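This report refers to the structure that appears directly beneath it.
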Amino acid sequence: MSRSPSRFVRSWIAAAAVCTVLAGCGSSSEEPASDKAKPAAKTEVTVEPIEATTELTDTNGVEVSLTEEPERIVCLFALCDDILTELGIVPAATNSALLAHPDFLGEEKAGDVAVVPGGFIAPEVEAILSHKPDLVIGLGDTHGKLAPALKGATTFWAMQPETWQDSVDYLRDVAALTGRTAQGKKAEKTFRTKLAAAEKAPSDRTALVIYGSDENFGVATPEGDVAASLFPKIADYPWKSRGVEGSYSLEEILAQDVDVLFVETLSFGEADGKLSEKLAGNPLWGKIPAVRNGDVHEVNSEVWAKGRGTRSLGIVLDEATAALR
């Protein structure tokens, strides 16, 4: 098991249709870790130069080596799509719906990008290779098992983002490998500037991000969730990873006196209703301050839960800071 159960669970719940993947089908007996996170260091706005290269070691120690700049890149998870969009590159194929978002390619242009069959968890190797990729980028926990099948046919890069800093590092790495150094530096600068501005006036309201499809929901924690890793800079975010897997209960949420709730509905197959609407059937839901005051915000899970890159995180910051005012 990786050191971040929250990140592991969310990466799978986004596409899996089994309750066990959601880390349990009942309330956990563990107590929530409610210690407030230490004040985060101020975000540095200055961006270091990015040097073009064909070889590098990424933030998690993964070595990537290419013979030349990749022209055809296949994305197996949304961070890849986010990064390529920031760099002005359209993937050769993807299995993410992120590109259809209006702040990315939009539905019409995204429709021109080939979709890798097999879904998020089991993308088909033959389909991936049919696009003649120079580089395939996947999520390590989920797609690492594809490495042997792709070896010798293309270069496979297993990324594993856990914080916004990881996402920035991956942006820089892809910019270096593709020769899009100016675009990478600009995207990083834009994001850092937005984050620095947001943290200059942090909200004193208590916020929480929850995700799931029914009452077996999860709570995003700053220690292993990229979007949640932003929140200690902009609000009171009284939830830390408790180091165990397990679904959460509304009793735990109620105990935190949450002022603003952000809800990511992660449906399995066809959408069957919003998570907030399902939780409304529980009498405890209406007692949460955020619910009583109408401060429950259903957000776009493609951006908030799956995007993880600087463009997605910029959207998260915009929406979160507006709601926290």
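The values are calculated or read from the model by the stated rules, or taken from the named source; none is laboratory data. Not measured: the values here are computed from a predicted model. All Cβ positions, glycine included, derive from the backbone under ideal geometry; neighbour counts span all protein chains shown. To get the accessible areas, we keep the full protein, side chains included, count just its heavy atoms, and leave off ligands, DNA and RNA. Shrake-Rupley method; radii C 1.70, N 1.55, O 1.52, S 1.80 Å.
Solvent-accessible surface of the range 112-271, taken per residue with a 1.4 Å probe and all protein chains present: 36 Å².
Cα convex hull, the range 171-325: 120 Å³ per residue, rounded to a whole number.
Structural descriptor for the range 52-113: relative contact order 23 percent, calculated from alpha carbon pairs under 8 angstrom and at least 6 residues apart.
Computed log10 I(q)/I(0) for the range 88-128 at 0.14 Å⁻¹: -0.31, from the Debye equation with unit scatterers placed on every C-alpha and solvent omitted. Its relative contact order, with pairs defined as Cα atoms under 8 Å and 6+ residues apart, puts the chain at 25 percent. Quote the Stokes-Einstein diffusion coefficient, in whole µm² s⁻¹, for the range 107-262, based on the Kirkwood radius over alpha carbon pairs, a temperature of 4 °C and a viscosity of 1.567 mPa s. Here the translational diffusion coefficient equals 69 µm²/s. For the chain, the normalised intensity computed at q = 0.11 Å⁻¹ comes to -0.68 (log10 of I(q)/I(0), Debye sum over alpha carbons, equal scatterers, no solvent).
Annotation: lysines with alpha-carbon distance below 16 angstrom to Lys278 (same-chain offsets under eight excluded): Lys287.
Whenever you get a sec, compute what percent of the accessible area on the range 230-325 sits on carbon and sulfur atoms (1.4 Å probe). That share works out to 45 percent. If you average over every viewing direction, what projected area does the convex hull of the Cα atoms of the range 254-325 give, in nm²? One quarter of the hull surface, i.e. the mean projection, equals 5.5 nm². Packing, taken as the mean count of other beta carbons within 10 Å per residue, orders the peptides 165-172, 126-133 from highest to lowest as 165-172, 126-133. Checking the table Lys194/Lys274; Lys189/Lys233; Lys145/Lys306 against a 23 Å threshold on Cα-Cα, which pairs fail? Table pairs above 23 Å Cα-Cα are Lys194/Lys274.
Taken as Cα centroids, the range 121-145 and the range 79-117 sit 16 Å apart, rounded to the nearest whole angstrom. Which of Lys109/Lys240; Lys109/Lys200; Lys109/Lys186 have a Cα-Cα distance over 28 Å? Table pairs above 28 Å Cα-Cα are Lys109/Lys240; Lys109/Lys200.
Ranked by the mean number of other Cβ atoms within 10 Å per residue, highest first, peptides 224-232, 55-63 order as 224-232, 55-63.
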